[in-house]
Amino acid sequence: MNYDISPHAPTPIYRQIVEQVKRMIASGQLQPGAALPSVRAVALHHAINPMTVSKAYSLLENDGLLVRLRGVGMAVAENGAVVPEQDKAAMLLPALESAARMAHQLGLSADTALKLFKQCLEQTKKDATDA
Amino acid sequence: MLKNTEQSAHSAAISTEALTLRRGGNTILDGITLAIAPGSVVGLIGRNGAGKSSLLRCLTGLTAPTSGSSALFGCPSQHLGDAECARLGYVAQTADLFEWMTVEEHLDAVGRAYPSWDAGRCTLLARQLGLTLHANVRELSGGDQQKLSVVLAMGHGPDLLLLDEPVSSLDPLTRRAFMSALFAEASEETAQRTVLISSHILSDLERVVSHVAFLRAGRLQLFDTWDAILEHVRRVPLPAAFAQHALICLSNDEQHAVIDTRHAPSLADSGAVLSLDDLFVELNA
């Protein structure tokens, strides 16, 4: 497992990691007890500062989503993995709002935009099953 | 802008107090006050001639300031002893190498001066950077000379690295290997080393820095964590209402301002996020 990190994105790297871990836990991709890649491995893989990865993991630990296991590193908390549907919706909302603004700027009809989103959903599902 | 407190200056890996350097009629460094906590990785950014190399030279004690002071590990730069030097690695902008030796002989010669020198570490780092040990130093390309300077500065596992454009001649893959090497020995138990690195390759810095320090015409223009800058520093169109202390700089045409939205919360959502490149342009326009 690895993170998708864009060092030059307008979102700080630690926040990119926090958000990805939250999404993976919400979706069940990361199950309770699952180990996360070590700080060192993530830092080396992306040539980023280990403190940035530590910062992300510490924030997730404070939120109760991760636990620190001695000698093992970070793992998904047993009770942290149950994410209510409304929280999942709240996580998706910013991306949808941004897409809605863009659709509006382009003068796309709501129907066309919704149809495109549906296609994206289907494609993503197909990619996931193929993989 | 972070204000330095007395306390942070005492525990800092690097501290300067009103550091000023004048040469002839020119002011090279102008009252720089800075405290860098251990473990920070600070990108030192500014145009050519902004004073980056002079600041690094003052920190190492190679250049004496006209007034003000600086210290490494709490020890004045002008009086660094063996103990401090053993914890310090420095890559100067122009490599000062022993041209009559091979790379390996050069590493051995410098290594003898350091009790904590680790030849294995050097060999590994040289391999990661793609530097051939049996090459003659005289025949090295500009890029390979830089690699050798980096290995020489890191062979003793220093706690503090002062790097003056260490990667300007290196290709993107080697630069990545170099960035990874900065952290290769960091672990959960040991404190991470402190790094002050000047570079114009801002895309590299975005990966690794915890802080950025912008110098312009010898003055410290902006010093903060890079995360805080990404989250709070915004370019806003003018006119806009904000407190004077929120202003970081105005564009030349006065159509835009770069502001710290922590001091102007009402504008937090209205401005544009700046990449390190954008910020460089704005701060030096």
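The values are calculated or read from the model by the stated rules, or taken from the named source; none is laboratory data. Please read all numbers here as calculations on a predicted model, not as lab measurements. Every residue, glycine as well, gets a Cβ built from its backbone with ideal geometry; the counts of neighbours run over all protein chains shown.
Quick notes
- All of B:LEU140, B:LEU124 fail the test of being crowded, with 19+ Cβ neighbours inside 10 Å and either within 14 Å of another protein chain (Cβ to nearest Cβ) or at pLDDT 90 or above (or both), apart from B:LEU140.
- Meets criteria (more than 22 Å from B:LEU274 (Cα to Cα), assigned to a helix (DSSP H, G or I), within 14 Å of chain B (Cβ to nearest Cβ) and of a type in the set (A, V, I, L, M, F, W, C)) for A:LEU44: yes
- Verdict on B:LEU161 being within 14 Å of chain A (Cβ to nearest Cβ) and in contact (Cβ under 8 Å) with a residue 60 or more places away in the chain: yes
- Taking the numbered list (1) more than 9 Å from chain B (Cβ to nearest Cβ); (2) loosely packed, with under 15 Cβ neighbours inside 10 Å in turn, A:PRO10 passes all entries but (1).
- Some residue of the range A:28-35 being under 28 Å from B:HIS232 (Cα atoms) and surrounded by fewer than 17 Cβ atoms within 10 Å (Cβ to Cβ): no
- Selection count, the range B:240-260, where residues are more than 26 Å from the chain's Cα centre (by Cα) and either under 16 Å from B:LEU230 (Cβ atoms) or within 14 Å of chain A (Cβ to nearest Cβ) (or both): 0
- Scope the range B:244-261; condition in contact with a strand residue (DSSP E or B) (Cβ under 9 Å, 6 or more places away or on another chain) and either over 26 Å from B:HIS200 (Cα atoms) or of a type outside the set (A, V, I, L, M, F, W, C) (or both); matching residues: B:HIS245, B:ALA246, B:SER251, B:GLN255, B:HIS256, B:ASP260, B:THR261
- The range A:13-41, subset of a type in the set (Lys, Arg) and out of contact with any Pro (no Cβ under 7 Å at 6 or more places or on another chain), residue nearest to the other protein chains (Cβ to nearest Cβ): A:ARG15
- Residue match in the range B:229-237 (condition: in a loop (DSSP other than H, G, I, E, B) and either within 12 Å of chain A (Cβ to nearest Cβ) or in contact (Cβ under 8 Å) with a residue 40 or more places away in the chain (or both)): no
- Residue among A:MET51, A:MET74 that alone is under 30 Å from B:PRO38 (Cα atoms), under 17 Å from the mean Cα position of the chain (by Cα) and at pLDDT 90 or above: A:MET74
- B:SER53 passes every criterion in (1) within 13 Å of the chain's Cα centre (by Cα); (2) surrounded by 22 or more Cβ atoms within 10 Å (Cβ to Cβ) apart from (2).
- Flag for B:VAL281 being hydrophobic (A, V, I, L, M, F, W, C) and surrounded by 15 or more Cβ atoms within 10 Å (Cβ to Cβ): no
- Selected residue (criterion: nearest to the other protein chains (Cβ to nearest Cβ)) from residues of the range B:26-54 that are in contact with a Leu (Cβ under 6 Å, 6 or more places away or on another chain) and part of a helix (DSSP H, G or I): B:LYS52
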